[in-house]
Amino acid sequence: MTAPNESCPLLPPPAKSGITLDAKTVAPVHIGTVGGYVASAVVAVWLSSPAGLSDRFLTAFFTIFGSIDRDQMLASSALLYAFTTYVFTSANSIVGVGLGSAGYHHDVFALVAGLTAAQGPSNALYHQGVTLLALHVFCKAVIFVPAYIKGLGVLRSAAHFIAIGALLGSLYQMTFSAQ
């Protein structure tokens, strides 16, 4: 048995998946992707509107159905995110390296969570900011990861777009909303 990336790997490389681009398709795919992220931010803000169905569901989920205070929702979201990002993803990364591939993750959530927490609960944007962060974590931890494991590309992509849109929506609101 030899180590990955040597002349005789443990397993053959995975078959190429996804899309293939050429000179004619690069620009439309790029524009469509950027447009998709912008649209996902709008959808995420709409989904997280105060007292909306998503807000009530995410509040119930991240307060563990009322067993912790709403004020602890940001910490609860961060805990699930940290576990998913650093424990679960690290374990996947170790296995991936063993199989000859590598992974990555982003820490934008930490920036947005810190900015939201700095506003404090008395700020009008805090509640929706926490809900947007909860939406991000829910999409990544509860939808994206299982979809990734099961190879459900469309569901995984939709969860990723909404999760990133939630972060963008939160940053947009902090930047452009009147305090």
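The values are calculated or read from the model by the stated rules, or taken from the named source; none is laboratory data. Everything quoted here is computed from the prediction, not taken from an experiment. Positions of Cβ are generated from backbone atoms using ideal geometry, with glycine treated the same way; all protein chains shown enter the neighbour counts. For the accessible areas, the whole protein counts, side chains as well, though only heavy atoms, and no ligand, DNA or RNA atoms are used. Shrake-Rupley method; radii C 1.70, N 1.55, O 1.52, S 1.80 Å.
Here I143 meets the list (1) over 21 Å from T59 (Cβ atoms); (2) open to solvent by 30 Å² or more (accessible area, probe 1.4 Å); (3) β-branched (V, I, T) almost entirely, failing just condition (1). Quick one: which residue in A166, A117, A134 is touching a His at 6+ places or on another chain (Cβ under 7 Å) and touching a residue at least 40 places away in the same chain (Cβ under 8 Å)? None of the others qualify; the one that does is A166. Of the numbered criteria (1) within 17 Å of S170 (Cα to Cα); (2) open to solvent by 30 Å² or more (accessible area, probe 1.4 Å); (3) not small (G, A, S), the one L58 fails is (2). The C-beta contact set for segment 11-39 (first residue closer than 30 Å to S170 by Cβ and assigned to a loop (DSSP other than H, G, I, E, B), second residue at pLDDT 70 or above and open to solvent by less than 100 Å² (accessible area, probe 1.4 Å), distance under 9 angstrom, 6+ apart or interchain) comprises G18/G153; I19/T25; I19/V29.
The number of residues in segment 146-166 being open to solvent by 10 Å² or more (accessible area, probe 1.4 Å) and in a helix (DSSP H, G or I) comes to 14. Residues that are open to solvent by 50 Å² or more (accessible area, probe 1.4 Å), of a type in the set (D, E, K, R) and at pLDDT 85 or above within segment 19-55 comprise just one, K24.
Taken together, T89, T84 contain a single residue that is open to solvent by less than 30 Å² (accessible area, probe 1.4 Å), under 16 Å from V108 (Cα atoms), modelled with pLDDT under 80 and of a type in the set (S, T, Y), which is T84. The residues of segment 105-139 that are part of a loop (DSSP other than H, G, I, E, B), open to solvent by 30 Å² or more (accessible area, probe 1.4 Å) and hydrophobic (A, V, I, L, M, F, W, C) amount to a single one, A124.
Scanning segment 58-90 for residues that are outside any helix (DSSP H, G or I) and not hydroxyl-bearing (S, T, Y) gives I64, F65, G66, I68, D69.
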